[in-house]
Amino acid sequence: MRNGIEAAEYAAEVQRVVRYLGVSNGNMQEGSLRCDVNVSIRPVGQSEFGTKVEIKNLNSFSSVSRAIDFEIERQALLHSQGQGDQIFQETRLWEEGSQKTVTMRKKEGLSDYRYFPEPDLPEVILTEEYVDSIQGSLPELPEAKRRRFEKMGLSMQDVLFLANDINVAQFFDSTIELGADVKLAANWIMSDIAAYMKNERLSIDEVKLTPEELAELIASIKSGTISGKIGKEILFELLAKGGTVKGIIKEKDLVQIVDPSEIEKMVDKVLSENPKQLEQYRGGKTKLEGFFAGQVMKISKGKANPGLLNKILLKKLNAKS
């Protein structure tokens, strides 16, 4: 590996794999995952790597990245100043405060690592059949999941977000298995649901929303039963309190108004109550269309079908007085 960010991303992928396998929560801050790094540089034209330096005390991926890049620069500077012999085989610590590595202890050679056979630990011999059986029992791992999501037509940004956390990936998979539109499901999870989880400091398996109800919500908006705006209101109630989409729609009478004559009456009411703004609109201030649409939405309590409302409103606004 050639730089800090490559090593940090490799370590992050190891974390994802152990979480996918369920062998550890992989939390670095709790010590569930530790990362030490070895850095050695090789001047251009030289076939052998230089002296290896080990860095400890790295408790985040950003620390891994910054410590490696600092150490590469430190060693390269010594080389450029003709002091390559001052790079010792040693263990250094990463100091977060000063953003640099400092000597912890020096090692003279391999003997300091005390490599020797442990007589109380017998050899472990694994048969090919055993290895194959383990291979066959593995779940879908992060890389395979990313490739599958990519084939669904999702952008790389969507893919990386959804596959990063196994619980989020499973929630997404469950939602689309219930027939939800792939892109719409991804958008809801990555925007409003992710924002709610961040604000409330919850994981996706701690919210009250289920994949079944997210799929139902998407279907209700797509069919025109409710508007996208009402959908958001329902979503936040589902996230915080649970319940069902159909139950909330019925309880709060949130079914979208799609009857043109009903919307027309609301538009007529708003236009008759705002003659000054109507005159200004017809005088050229067309941006007032948004004002009228907002007033109709207010009367309808957000239930008027936006497409139908805009069509009727424009027709009325542009009608000759």
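Some points to look at:
- Residue-level check: of (1) outside any helix (DSSP H, G or I); (2) hydrophobic (A, V, I, L, M, F, W, C); (3) under 22 Å from Asn305 (Cβ atoms), Val207 misses just (3).
- With respect to being among the acidic types (Asp, Glu), part of a helix (DSSP H, G or I), crowded, with 17+ Cβ neighbours inside 10 Å and under 13 Å from the mean Cα position of the chain (by Cα), Asp192 falls outside the description.
- Residue check: Ile221 meets all listed conditions (1) of a type outside the set (Lys, Arg); (2) at pLDDT 95 or above; (3) in a helix (DSSP H, G or I); (4) open to solvent by 10 Å² or more (accessible area, probe 1.4 Å) but one, namely (2).
- Close pairs (9 angstrom Cβ cut-off, 6 or more residues apart or separate chains): in contact (Cβ under 8 Å) with a residue 12 or more places away in the chain and more than 15 Å from Val18 (Cα to Cα) in region 126-148, in a helix (DSSP H, G or I) and of a type in the set (S, T, N, Q) anywhere: none
- The set of residues from region 37-56 being open to solvent by 50 Å² or more (accessible area, probe 1.4 Å), of a type outside the set (Phe, Trp, Tyr) and more than 16 Å from Lys106 (Cα to Cα) comprises Arg42, Val44, Gly45, Gln46, Ser47, Glu48.
So that you can scan it fast, the table gives a plain yes or no per residue for (1) modelled with pLDDT under 95; (2) loosely packed, with under 12 Cβ neighbours inside 10 Å; (3) aromatic (Phe, Trp, Tyr):
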site: Glu96; (1), (2), (3): yes, no, no
site: Met104; (1), (2), (3): yes, no, no
site: Ser111; (1), (2), (3): yes, yes, no
site: Ala180; (1), (2), (3): no, no, no
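The values are calculated or read from the model by the stated rules, or taken from the named source; none is laboratory data. Everything numeric here is computed off the predicted structure, so don't read it as measured data. Positions of Cβ are backbone-derived with ideal geometry, glycine not excepted, and every protein chain shown enters the neighbour counts. These area figures cover heavy atoms from the full protein model, side chains too; ligands, DNA and RNA do not enter into them. Shrake-Rupley method; radii C 1.70, N 1.55, O 1.52, S 1.80 Å.
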